[in-house]
Structure formats: C-alpha cells, structure tokens
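Undergrad: Okay, here's the structure, questions in a sec.
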Amino acid sequence: MAVDQPKEPLTVTFVCKGQAVGKMRNELDVKMTEPMVEQFALASDEGPFHGGDATAPPPLALFVGGLTGCIVTQLRAFAKRMEVEITDLRVETTVRWGWEPKGRIYETHPKSFDIDVFLESPSALEDQIGLIQAARKGCFVEQTLGRANTISHRIRTPSGFARVE
C-alpha cells in the first residue's frame, strides 16, 4: 500500500553497524532512523584475494547493486507519478575503478559509472527521457556519487573519539 508523499522537505538517515566475524566476513546491521524506522541484516565477505571465504557478496557488489536498485526503484516509483507506462524495465550498470599497488597495500579511484536503461513503454520518448532525468535526481546513491562529499573518520580512544585525517 502506497503512502502519501510528504509535503515538506525532510532528512533521510541510515546508520550501519558492521561487525568483523570470521576471516573477512562482516555482519552489517543497517537501519533507517528517519523519517521512518526500517532495519535490515546484510553481510559482506571477500574472496581468497583478501583471505576471505566468499560467503557473502563483497562490499563493491553491494555498492553496485545499491546503485542499480536505487535507479530501478526511482524509475518505477516516478513512472506512476509522471504517468509514464512501463511494460518492461531492465537496468545494466557498469562501474570501473582504478587499482594501484602502493607497497604492501593499494589505492583505488573511480573511473566510470555507466547506467544503461532498457525501458519498454508506449509513452512518448520525451516522456521516457523525462522519467530517467527525474529518477536520476531522486536516486540517493546517484546523487551522492555526483557530488563532492566530505567523509569523516573517527577512532574511539580511551578519552573519546579522535578524528582521523
């Protein structure tokens, strides 16, 4: 059952608690805390390259899956609101990163994010394009990737939290 869209701006907040278990497996407790409460249990693991057992998707698979799922969701939700009929929908996302060895560790950087939309619709092409444009703006993950972000890290110390620069 659909819920009415809020009329005023609001904040959407997610909190994730990750616990290291096993060789490289992580148990993730993901919770939306506002504007409503929803909770999910997820896991990630790495394959043999990082010493894991591949018992769950690696974090990058969850990331690419999150991006793809976000845009598919927004296309479907906004199609109803924009009266664009969808008879079939598929999205294929390709994400590429650069990987560079740095001694015993490595550094990474994003190279490209390509999202191909396969939309079957009797609606006019300009309406379909408008739908994709709206979905892009409504996808939290895509909007995050498209902006410069400040990401802070802290470590707990005996006297509280210290910022890691």
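Undergrad: Can you confirm whether ALA162 is at pLDDT 95 or above, under 19 Å from the mean Cα position of the chain (by Cα) and not in a loop (DSSP other than H, G, I, E, B)? Step through it out loud before you land on a result.
TA: On the way: at pLDDT 95 or above: yes; under 19 Å from the mean Cα position of the chain (by Cα): no; not in a loop (DSSP other than H, G, I, E, B): yes.
No: the conditions fail for ALA162.
Undergrad: Right, something else. Go through (1) over 15 Å from VAL95 (Cβ atoms); (2) in contact with a helix residue (DSSP H, G or I) (Cβ under 9 Å, 6 or more places away or on another chain); (3) of a type in the set (Val, Ile, Thr) and name the single condition VAL30 misses.
TA: Result: VAL30 passes all but (2).
Undergrad: Identify, please: which residue in the stretch 1-47 is under 16 Å from PHE63 (Cα atoms) and β-branched (Val, Ile, Thr) and is, among those, surrounded by the most Cβ atoms within 10 Å (Cβ to Cβ)?
TA: Only one residue tops the list, namely VAL30.
Undergrad: Separate question: In this structure, is GLY103 over 19 Å from GLU142 (Cβ atoms) and not assigned by TED's automatic domain parsing to the domain that holds GLY138? Steps first, answer last, please.
TA: On the way: over 19 Å from GLU142 (Cβ atoms): yes; not assigned by TED's automatic domain parsing to the domain that holds GLY138: no.
Judged against the criteria, GLY103 is not a match.
Undergrad: Checking THR33 against (1) β-branched (Val, Ile, Thr); (2) closer than 30 Å to ALA124 by Cβ; (3) not assigned by TED's automatic domain parsing to the domain that holds GLN143, only one condition comes out false. Which one?
TA: Failed condition: (2).
Undergrad: May I pose another question? Condition check: assigned by TED's automatic domain parsing to the domain that holds GLN143 and at pLDDT 95 or above. Does ASP127 satisfy that? Break it down stepwise before answering.
TA: Details: assigned by TED's automatic domain parsing to the domain that holds GLN143: yes; at pLDDT 95 or above: yes.
Criteria met by ASP127.
Undergrad: Count, please, the residues in the stretch 112-148 that happen to be more than 16 Å from ILE71 (Cβ to Cβ) and either crowded, with 17+ Cβ neighbours inside 10 Å or under 13 Å from the mean Cα position of the chain (by Cα) (or both).
TA: Matching residues across the stretch 112-148 total 1.
The values are calculated or read from the model by the stated rules, or taken from the named source; none is laboratory data. It should be emphasised that the depicted structure is a prediction, and the values quoted were computed from it without experimental measurement. Backbone-built Cβ (ideal geometry, glycine too); neighbour counts: all protein chains shown.
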